[in-house]
Every structure is written in structure tokens, then in C-alpha cells.
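Everything below concerns the one structure shown next.
Since every read-out is calculated from the coordinates, none of them should be taken as a lab result. Quantities reported herein were computed from a predicted structural model and do not represent experimental measurements. Cβ atoms come from the backbone with ideal geometry, glycine included; neighbour counts cover every protein chain shown.
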There are 2 protein chains.
Amino acid sequence: MRMSEFWYTEKQTPNIGITLKISDIIHSEESEFQKVDVIETNQFGTMLVLDGMVMTTDKDEFVYHEMISHVAMNTHPNPKKVLVVGGGDGGAIREIIKYPSVVKAVLAEIDGRVIEVSKKYLPDIAAGLADPRVDVQVIDGIKHVQDLKDEYDIILVDSTEPIGPAEGLFAKTFYQSIYESLKEDGIMVAQTESPFFNNDLITRVFKDIESLFPITKLYLAHIPTYPSGVWSFTMGSKKYDPLQVPQEQLKTTNTKYYTPEIHKSVFALPKFVADLLK
Amino acid sequence: MRMSEFWYTEKQTPNIGITLKISDIIHSEESEFQKVDVIETNQFGTMLVLDGMVMTTDKDEFVYHEMISHVAMNTHPNPKKVLVVGGGDGGAIREIIKYPSVVKAVLAEIDGRVIEVSKKYLPDIAAGLADPRVDVQVIDGIKHVQDLKDEYDIILVDSTEPIGPAEGLFAKTFYQSIYESLKEDGIMVAQTESPFFNNDLITRVFKDIESLFPITKLYLAHIPTYPSGVWSFTMGSKKYDPLQVPQEQLKTTNTKYYTPEIHKSVFALPKFVADLLK
């Protein structure tokens, strides 16, 4: 008897895709904002898919969640109040609350269904959401930061791709609101797509953030299930330079990807990426 | 009228694959050693495929070819004689001959058809093969190094995957021959697959090379068309430490990926990769 094979295939651009063998479609729904699927893959375990785009998987989520959070968390000497915009799966929150300095971590996720689905099907990723320091708000992140001043030490923009509900999270007006919502020594980090496929976006966002923040830097990480396998993060910082952090301030905090050496090395960019920022 | 769409899909493991929209199958043959295909892709331009595995593409070949060669070429203060085992597309040779110190660069490729097909369909990659310092030999690299002593400054193992014709290029006996073929201050670099999918191979090869060379280090680069998008290279060095190279010795030599900063930063490994080498 020949077995049927089922595959999830995602066009990451019109011309390239990733395909993963799957054993089950665990959950599928249309939320108010997007299509939400949870799929069991053979290679990467349980996978969360929003609007047909891989958001996270059990096996490689650690890279994204550590790298969007620890670089900023270790650049700031004493992060107490942190905001995650998007990030409904809870992975960034889980990393943030590893820091004893954190008094409050707010999650502003527009789609409550992403939070609920993640809690149910990706419990290891959503684990941090139950921490008493975490304030989960089902709210548009843009509205959340609109009238805030001087509130947060760190803001992470853990968004989906810049189409659909996350489009406004790549706008300069949003970065301006973030700037104002941050304390005078605050830091923001946004996920900013692939340097192989999203060059124009990376250049534009970098210039926007650079026009607001005195210290703006881009760094990279290897994420196999994201388009091209390499992902960029853009940091805007009001005071602290991630490359000037004293070595003894860098903590490892139980990670699988991030290390004190990685903290600095990820800012050394391949020439073609550095050229995007000129 | 709806247009037909053609896609090349490669299972990179039994459970995950890459799929690329193609406009043409330019060339297809069975050589003595393997299936050789040249495909025109929309995303990555012309692509060389051996035995159903992407070897190189016009658009991302620069990463692999620069990173397999420049790290060693800049670690050695005066590389004169260099051997590339495999690498029939000529990309590594093209990078090596950018160094004026090079007097002779030998290509030992077992499959002459790969050389000819690359010259015809990937001329920008094969460009260096016509240089008068280059000695192209259609020969088994294992045999080439078997009886050599004290011959080369640098040997690069630019192999296909460790199945089929390249299997012996991942064997400890081969690394032993390389060790002996190198001068007393020689350096070897081998491509050693993906840290997400080939953990056992990386660990085993690292230990083998480490048992021969006093300085053994692994480094990574982002290669979108290779499995997982991140690729490892293992360096064995008899004398020179790539992290101790004086900054003024590091050259940029007209690259798109490699820089003097990349030279050092690529050795800072994500924790899960560093753990593979313990």
C-alpha cells in the first residue's frame, strides 16, 4: 500500500517557496483579521501559519524570539517596562520575562484568536503569557502607543509581513509614536524581513527609524522557515549603543541561539546588506 | 488564457523542500558521475543542479564562493599555491585568483562535464578558469592529494553533498591526506552542510579535522538556496588562527558578502551550533 503524502507549500515570493511535509492540520479558522492555521510538520514540529505565511514553528522559533528580544534587553542596562506589538504567540514575551529587572511586559496583539490558538497548540511558545508581570491586551498596537509618552524602556515590533493587518506597523508615523512612547533612554526593535527578498523595505524602514533615533542598526539571524532563511531586525536606540555594552552586562539567560558573542557579531553585515543602508 | 507554470521542487530532506518557479530547462544530461541540470529560475537566475540538489545560482553564488575562499585566503599571510577539490563551476577559483600572491590554483574536479556545462551556461561563475595561473584537472580529488607532501598553502573542499561521488570527501582518511598535502603553515576549508539538518555530520567532521589540525574552527554563512538557508564551513589550520589575523592583513578584494568584519564575526556561533562541536 502506498501512503498518501501531504505537503504545505508557501509561495514566499511569486517565484520561490518552501514546502513541508505535514502529518495533520490541527486547527484552521478565519479570525476577524486573518486566516489562522496550525499544522503539524515532520521537519519543524507544530507550525503557526497566518494568512498563508509561516509565523513560527516549534523547532526554529527560538531563533526569532531570542533575537528580537535579547539584543535590546541586554543593550538596556535595566529594562523594567517592555511592550511587544504583535507577537500573539507569546514567544517574545517568554524571552523578556527571563530578565528579573522586568516589572511589566505588555502584549498588544490585535488578534485575540492568535493568542488563544497559540496557548492551546503552541504551549511552550506561549508559556510566558501566564506570568503575573505580563499584561495581555487584545488591542491595535498602533492605537496603544498613539497617546503614550515616556512609558516604555523597550518596544518590540513583532509583526507579520507588511500586508494585511500589519501594514501600519511598517509606517514612519508608527515609529514616531514608538519614539514618543519610549523613555529618554528607550530602545525599539522591529522585525524587518529578508535582505534577499525585501531590499526596498529594509532600506526604507532603516531610513525612517534612522531619522528618529540617534543610534540605528540592523542585525541578522538564521531562520530556516522564513523566506531566504535569513531575517533582519532593525534597532532604534535613544541612548545605548548595542556595540558599546560592557561585556559583563551581557547575559546569556538560558538561550539556544543568543550569546554575548552573537550580540555583537550579528551587527557585522554582509557587504550587500550594509550597502542597503547607505 | 491561463499560463502554464513550471516549478523545480527539491526535497532537501525527506520532510522539507525548496520550490522555484522556472522559465526553462536549459540543459540536462547524465554524466559519468551524476545528473547535471541547468535551469533558468525567476528568483535566482540560472541554477546548476547535480543529482537533484541545487549547487549554485547566479543570484546567490557569491555567498558560497566568497565564504569558502576568502576566510582562508586572508588568514594565510601569503597564499601562493591553492587547491580546490570539487568546485567544477569555477566559483571558488574565481575568488582565489583575486589574490596577487597566488602563483598557481589547481582545480581537481572529478566530473569534466560540470566544468564544461558551467563554462557554457554559468560564464560569470566559471570566469576564473581561463586565468593562466589556473590548472584545471579532471581528476578524483582524493587521488590527487593521496601522495602529495608539503605542496599547498590552502586546500578548499568544495564538494557536493556526502552522497554519490562526493562521499569520500567527508572521510577522515581524506582529511589526513589533505593535512599531509598542506605546507607546514597550510589551511584547509571544507563545506560542511547545514547546522539545522546535518548536525551529526558537522559534529563528526569537526572532530575528525580537530584530531589532525591544531586550530579547527567552524563558521556560517547565509545561503538562501541551500537547505535551511544557513551553511557551515569547517577550517583546519596548521599555524594561523583566523581570529588572530592583524586587521591590516584583511583585504576586501571586490566582494559582495565578505568583509574584514565578517571574517571575524562568522566564527561567533549560535549556541546550538557551538554545542555541536563540544
**OP:** With θ set to phi - 60°, apply the Karplus curve 6.51 cos²θ - 1.76 cosθ + 1.60 along region A:187-196 and write out the HN-Hα couplings as whole Hz, x wherever there is a Gly or Pro.
**Re:** 9, 10, 9, 10, 6, 9, 6, 8, x, 8
**OP:** Note the distances from A:Ile25 to each other copy's matching label point, with points 7 Å along the Cα-to-beta-carbon direction, in nm, sorted shortest first.
**Re:** 3.1
Original post:
For region B:226-278, rounded, prolate or oblate, judged on the Cα gyration tensor with a ≥ b ≥ c (square roots of eigenvalues), a/c < 1.5 rounded, else prolate if a/b > b/c?
Top reply: oblate
Original post:
Translational D (Stokes-Einstein, µm²/s) of region A:6-54 at 4 °C and 1.567 mPa s when Rh comes from the Kirkwood sum over C-alpha pairs?
Top reply: 116
**OP:** Starting with the fewest neighbours, write out A:Phe62, B:Phe33 ranked by other beta-carbon atoms found within 10 Å of each beta-carbon.
**Re:** B:Phe33, A:Phe62
**OP:** Rank the residues B:Phe213, A:Phe196 as a footprinting-exposure proxy: fewest other Cβ atoms within 10 Å of their Cβ go first.
**Re:** B:Phe213, A:Phe196
Original post:
Listing B:Lys120, B:Lys271 from the residue with the fewest other Cβ atoms within 10 Å to the one with the most, what is the order?
Top reply: B:Lys120, B:Lys271
**OP:** Quote the relative contact order of region B:6-56 in percent (integer), defining contacts as alpha-carbon pairs under 8 Å separated by 6+ residues.
**Re:** 26
Subject >> Exam field: A:Gly45 pseudo-label spacings to other copies (7 Å along Cα-Cβ), nanometres >> reply: 3.9
Original post:
According to the square roots a ≥ b ≥ c of the eigenvalues of the Cα gyration tensor, what is the shape class of the protein assembly as shown, taking rounded for a/c under 1.5, prolate for a/b larger than b/c otherwise, and oblate for the remainder?
Top reply: prolate
Subject >> Which of B:His76, B:Val102, B:Pro195, positive extreme of dipole for chain B (C-beta unit charges) >> reply: B:His76
Subject >> lysines with Cα under 27 Å of A:Lys149, excluding same-chain neighbours fewer than 8 positions away >> reply: A:Lys80, A:Lys81, A:Lys98, A:Lys104, A:Lys172, A:Lys183, A:Lys207, A:Lys217, A:Lys238, A:Lys239
Subject >> Residue-span extension gain [A:Thr173 to A:Ser31] - 0.36 nm each, minus C-alpha spacing >> reply: 48.5 nm
Original post:
When the Karplus curve 6.51 cos²θ - 1.76 cosθ + 1.60 is applied with θ = phi - 60°, which whole-Hz ³J(HN,Hα) does each residue of region B:127-144 get, with x for Gly and Pro?
Top reply: 3, x, 5, 7, 5, x, 7, 8, 10, 8, 10, 8, 7, 6, x, 4, 5, 4
Original post:
Taking chain A as a Gaussian network, where each spring joins two C-alpha atoms under 10 Å apart, which residue of A:Pro246, A:Pro165, A:Pro77 fluctuates the most?
Top reply: A:Pro246
Original post:
How far, in whole Å, is the nearest Cβ of chain B from the axis relating it by rotation to chain A, and which residue carries it?
Top reply: B:Gly229, 1
Subject >> Dipole magnitude of chain B, debye to nearest 20 (Cβ charges: Lys/Arg +1, Asp/Glu -1, about Cα centre) >> reply: 700
Original post:
For region B:186-259, rounded, prolate or oblate, judged on the Cα gyration tensor with a ≥ b ≥ c (square roots of eigenvalues), a/c < 1.5 rounded, else prolate if a/b > b/c?
Top reply: oblate
**OP:** Multiply the residue gap between B:Asp24 and B:Lys239 by 0.36 nm, knock off their C-alpha separation, and tell me the result in nm, one decimal place.
**Re:** 72.6 nm
Subject >> Relative contact order (%) - chain B, alpha-carbon pairs under 8 angstrom, separation at least six >> reply: 16
**OP:** Place the label 7 angstrom along Cα→C-beta at A:Thr9 and in each other copy, then list the distances from the first to the rest in nm, shortest first.
**Re:** 0.4
Original post:
Taking a temperature of 37 °C and a viscosity of 0.692 mPa s, what whole-number D in µm²/s does Stokes-Einstein yield for chain A with Rh from Kirkwood over alpha carbon pairs?
Top reply: 174
Subject >> Spatially proximal aspartates and glutamates relative to B:Lys143 (Cα-Cα < 12 Å; intrachain offsets below 8 disregarded) >> reply: B:Glu109
Subject >> Label point at B:Gln247 placed 7 Å out along Cα→Cβ; residues across region B:207-224 whose backbone nitrogen lies under 16 Å >> reply: none
Original post:
Based solely on its DSSP helices, what 222 nm [θ] is calculated for chain A when runs of n ≥ 4 H residues each add -39,500 (n - 2.57) and the sum is averaged over all residues, nearest 500 deg cm²/dmol?
Top reply: -7500 deg cm²/dmol
Subject >> Placed amide H near A:Leu182: partners under 5 Å, 5+ positions off or other chain >> reply: A:Asp150, A:Glu151, A:Tyr152
Original post:
Distance in nm between label sites at B:Asp131 and A:Val138, each 7 Å beyond Cα in the beta-carbon direction?
Top reply: 6.3
Subject >> Neighbourhood net charge (10 Å Cβ-Cβ; Lys/Arg +1, Asp/Glu -1) for B:Val117 >> reply: -2
